[in-house]
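Before any comments, here is the structure.
The values are calculated or read from the model by the stated rules, or taken from the named source; none is laboratory data. Computed from a predicted model, the values in this text were never measured in an experiment. Here Cβ is always computed from backbone atoms with ideal geometry, including for glycine, and neighbour counts include all displayed protein chains. Each accessible area value is taken on the protein alone, full model and side chains, heavy atoms only, with ligands, DNA and RNA left out. Shrake-Rupley method; radii C 1.70, N 1.55, O 1.52, S 1.80 Å.
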Amino acid sequence: MSITMRQLGSILFALPLILALPAAPFAPIQQEVAPDSAFAGVPAQQAAEPILPDPTVPITLDPSIEGSLRNALVKLAASAGVSLFVSPGAEQLLGSGASFLQQGVEVPASEAWSFVESLMVENGLMLCVHRNQVPRLVSVHPVVSSSNALVRPSTYVSDGEGLAELAKHPALLTTMVVTTDNLDVRNLVNSMRGLVSDSRTLTMLSAGDTGSLILAGNGLVVLQTARAIREIDEASGAQRARWDTERQGAEEQAASE
């Protein structure tokens, strides 16, 4: 499906919404995969299921204690019933006193993953879900490391109801398919590439003529990009409907003269 220059103009006008995306870099997403195996082994999320269970108790971070973020991660995983693997590179970052909070904070259990993962993003760390079934397993890795060539497990989150759950996981390595009704996704991807300074932050791939595109990156960036694309798609559809109404009116007026 193609779009007119006026429609493309309205899309580009809406693109500054993406500029609000955080610039925290993330590990590259391997793109050369066979279509039938693209999501093989990836833990898919069902509509009402949480990506990870909430902890049963609040999580406290005290910046006066060395390794506060590491301690919070260990307590969070234990309280949520999740096994935690910390890579050597991440261990080095966490052991250096990562967090840089200026004051202590007690985080409610329902906000614990979101708060702690936000600190992970700020400290150059990412979260990967290897198993979202009991026994659950997650891993923490640095964004930049000598092992970046390794393929990290990316959690597939469905567009729509999965967006609310994804909002809780800003550091989660995520893959999402977004389907549009009114956009040429290849043109859209080409237009948006100039806004993505680092492919480790966000990777976008168009799926041919299907009207769908694949987003891969950290949870917060994928979430905000998916929402922005939805708004652009809806604005384009509304503009097209107005043009169709105006054209139909003009044709009816011409026919009556």
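Annotations
- A Förster radius of 25 Å, combined with the Cβ-Cβ distance separating residue 49 from residue 74, puts the computed FRET efficiency at roughly 0.55.
- Largest accessible area first, the listed residues 227, 70 line up as 227, 70 when surface is computed with a 1.4 Å probe on the assembled protein chains.
- Accessible-area ranking of 68, 96, 206, largest first, probe 1.4 Å: 96, 206, 68
- Per-residue accessible area (protein heavy atoms, 1.4 Å probe) orders 85, 115 as 85, 115, starting from the largest.
- For region 113-245, the normalised intensity computed at q = 0.09, 0.19, 0.21 Å⁻¹ comes to -0.30, -1.11, -1.28 (log10 of I(q)/I(0), Debye sum over alpha carbons, equal scatterers, no solvent).
- Whole-percent carbon and sulfur share, accessible surface of region 105-238, 1.4 Å: 51 percent
- Within-11-Å neighbourhood charge of residue 171 [Cβ basis; K, R +1; D, E -1]: -1
- A probe of 1.4 angstrom, applied to the heavy atoms of all protein chains, finds residue 184 with accessible area near 30 square angstrom.
- If R0 is 30 Å, the Cβ-Cβ spacing of residue 210 and residue 131 corresponds to a FRET efficiency of close to 0.50.
- Simple spin-label estimate for residue 242 and residue 57 in nanometres, 7 Å along Cα-Cβ: 5.7 nm
- A crude spin-label estimate for the pair residue 191 and residue 144, with each label 7 Å from Cα along the Cβ direction, gives 3.3 nm.
- In order along region 87-93, phi translates into HN-Hα couplings of 5, x, x, 5, 4, 5, 5 Hz, rounded to whole numbers, per the Karplus curve 6.51 cos²θ - 1.76 cosθ + 1.60 with θ = phi - 60° and x for Gly and Pro.
- Extension gain, residue 251-residue 65: 0.36 nm per intervening residue step, less the Cα-Cα distance, totals 59.6 nm.
- Solvent-accessible area per residue for region 163-209 (1.4 angstrom probe, square angstrom): 38 Å²
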